[in-house]
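Input: a single structure, listed below in structure tokens.
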Amino acid sequence: MLKEFKKGILSNLVYFIPRTKHNSAEIKQILTSHPEIQFVSLVGIDLRGNDTDEKIPVSTFLDDIDKFLEYGIQTDGSSVVLHNIATLNDAKVDIVPDKNVNWFIDYNFENLDDETGLPVGTLRIPSFLIHNNKMVCSRSILQKSINNFKNKVLSLLSKNPYALKSIGIDKFEDIEEILLTSATELEFWVKTPEDKADEEKLSTSQNLKEQYWKRTQGTVRTALERTIWLMDKYGVNPEMGHKEVGGIRSTVGTTGRLNHVIEQLEIDWKYSNSLQAADNELIVRNLVTDVFQSHGLEVSFLAKPIEGVAGSGEHTHLGVAAKLKNGKIVNLFSPINMKKEYLSPIGFGALMGILNNYEVVNPFVTSSNDALNRLKPGFEAPVCIVSSLGKSTENPSRNRSILVGLIRDMENPLATRFELRAPNPLSNTYLVLAASYQTMLDGITYSLENQKSSKDLEIEFSKKAGEESEYLEATRQYRSEEDVFEFYTEEERNKLFGLPPKTVWDNAKNLDLYANKKEVLIRGDVFSYEIIGSFKESIIDQWLTELKDRILGDNIKIVRSCKKLHQYDDVSDLDVVTWEKIHQLKCYLMKDKMDEKSLFTKIREGIDNKDYDLVSILQVEMKEKIKELKELYLVYKRNLF
């Protein structure tokens, strides 16, 4: 339906209400003059990143608008993921509007208003979830981390004026406020319904780089262009959209339309303040889904929707600046002389803080089976806790194999920022940013309270594994200008940069194993033991449910699909031997015996017995065995007429 509307008609719609108009009088005026906006929805974000969506008729909202704006609405907690917080016997959760960010109007292009003929809209108001008078949602945690970061950095700068000189600020009194900015890069796959991915063709196309940044065509091009146009209307400020590395060429059907579309795309937009940036991501994901579906294309934001082919990441950019009273903006990460130093003491501290505490950031970044499927060597996905500065101060780094990239523009100091490369499109950006700010602040505090210069910190950050450090772990190395996947063996990587988690359980239990680093998250009353415990339980619950009810089921289908194909009149000895290996592997995975249980059964029993360490080990083994089975079966089929 969306593609049938002319842009002139769509231009007349209201797409967002800026925070300067969040008063009852102006909201009433907007809603009454646009009868196509028929519903209001308060959008709270739970600890798993799910957003609430309810349909309150505009008339009901306007009848008691002041009460709605002040107190919001109530829910029983069954619709949000708040493990051990909103319990069965204590379930009341309030959803209270946030008046300090943009409010978006979500249009249903399949439902037209009878009077105007325009699509029916829902005013979506970003909100906070409150339980027993405590904010318990992802948005509130990010808001608290922002406030804590700003207040603490101002305090540190007032007490350590040497840091001001390193970034070109004369005196502390010149600072009006600290600015936190962020942006995300959204990658996703689109395909025509019912089409199944041919992993061999996709892998070959990827290796040949046949799709990366190539010209889009047909419905994909139209949907991409329409999405970017709408993003501009929503005030998201799009920068570009393009093909990513994954995908194969589509074909033209008898109707002249493209068939067999399987393509990977990326859309980028400009940075904003951190809370608005996370809200913007939600509206963009909705826009992508709606627009591409209206053109007959399915959208997937999964981190690894197709095994053996590049997954979808969502690089998250982090910047910090100071706004001076004269209106000037100063990047707190950029040194005065960009040609002599990589970063200011504040910048080095922030970078060291993320890396030194990443074990407790990672659970919020990589919290699902799907996310961990993407983080494998060989697909430009970071698995090592390491960063890169550049081979020299005049040669900015673009090392794509590291976890945190330092983005520098020698001609534009305002562009200096960090790029966290591990998140994926379904990472909870609110909690990723909140955890990042808390750990960055830890490093900045170390740097400034110890009066460290940029050169001091560069030497400390560039240390080799085994060298002592006041702040960083002695056994680790944190900087590499090499391709960490090509230059080091897996054993060397694990020794230098730490053993990466292989399962959700590996990641979740780090929140307890690194208790001292968990304290960094809690400082300033940003996270709490209750919130971290609730989040941990939620990702473990999702891990086990997916493993038992989805992954095992999918793997059973794979095992059963590997059928004997050869006949005795055209069989070779190689076919017989290969099939026997396949058969034995199938039995090991799925077939129970009187005296021996299959791998699948052992996993089910481990889950039932809550032996999660064992389940984690068996899941890794299952993944390796399924990969081996698929590769063997492919070899087997290739040798048959």
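The values are calculated or read from the model by the stated rules, or taken from the named source; none is laboratory data. Predicted, not measured: the structure shown is a model, and the values here were computed from it. Cβ coordinates were reconstructed from backbone atoms using ideal geometry, including for glycine residues, and neighbour counts include every protein chain displayed.
Looking at region 72-189, the strands (runs of 3 or more DSSP E) lying wholly inside it that each contain 1 or more residues that are charged (D, E, K, R) and farther than 26 Å from residue 415 by Cβ sit at 93-97, 103-112, 119-131. Taking region 91-136 as the range and being touching a Phe, Trp or Tyr at 6+ places or on another chain (Cβ under 8 Å) and either over 27 Å from residue 288 (Cβ atoms) or outside the structural domain of residue 43 (by TED's automatic domain parsing) (or both) as the test, the residues that pass are 94, 96, 135.
For residue 504, the conditions (1) under 18 Å from residue 442 (Cα atoms); (2) in contact with a Phe, Trp or Tyr (Cβ under 6 Å, 6 or more places away or on another chain); (3) of a type in the set (Val, Ile, Thr) are fulfilled apart from (1). Within region 9-37, the residues that satisfy the criterion of being among the polar types (S, T, N, Q) and more than 19 Å from residue 127 (Cβ to Cβ) are 11, 12, 29, 32, 33. Filter region 504-544 for residues that are within 21 Å of the chain's Cα centre (by Cα) and of a type in the set (Ser, Thr, Tyr) and give the result. Matches in region 504-544: 534, 538. Within region 162-189, the only residue that satisfies the criterion of being within 17 Å of residue 452 (Cα to Cα) and polar (S, T, N, Q) is 166. Working only within region 592-619, note down all residues that are touching a residue at least 60 places away in the same chain (Cβ under 8 Å) and crowded, with 17+ Cβ neighbours inside 10 Å. Correct list: 607, 612, 615, 616, 619. Scanning region 132-146 for residues that are touching a residue at least 40 places away in the same chain (Cβ under 8 Å) and closer than 22 Å to residue 429 by Cα turns up 136, 137, 138, 139, 141, 142, 143, 144, 145, 146.
Pairs are defined by a Cβ separation below 9 Å, a sequence spacing of at least 6 or placement on different chains, a first member in region 575-591 that is in the same structural domain as residue 564 (by TED's automatic domain parsing), and a second member that is small (Gly, Ala, Ser); the pairs so defined are 587/598; 588/598; 589/598; 590/598; 591/598. If the condition is being in a helix (DSSP H, G or I) and of a type in the set (A, V, I, L, M, F, W, C), then region 212-237 contributes 220, 223, 224, 228, 229, 230, 231.
Scanning region 611-641 for residues being farther than 23 Å from residue 370 by Cβ and basic (Lys, Arg) gives a total of 2.
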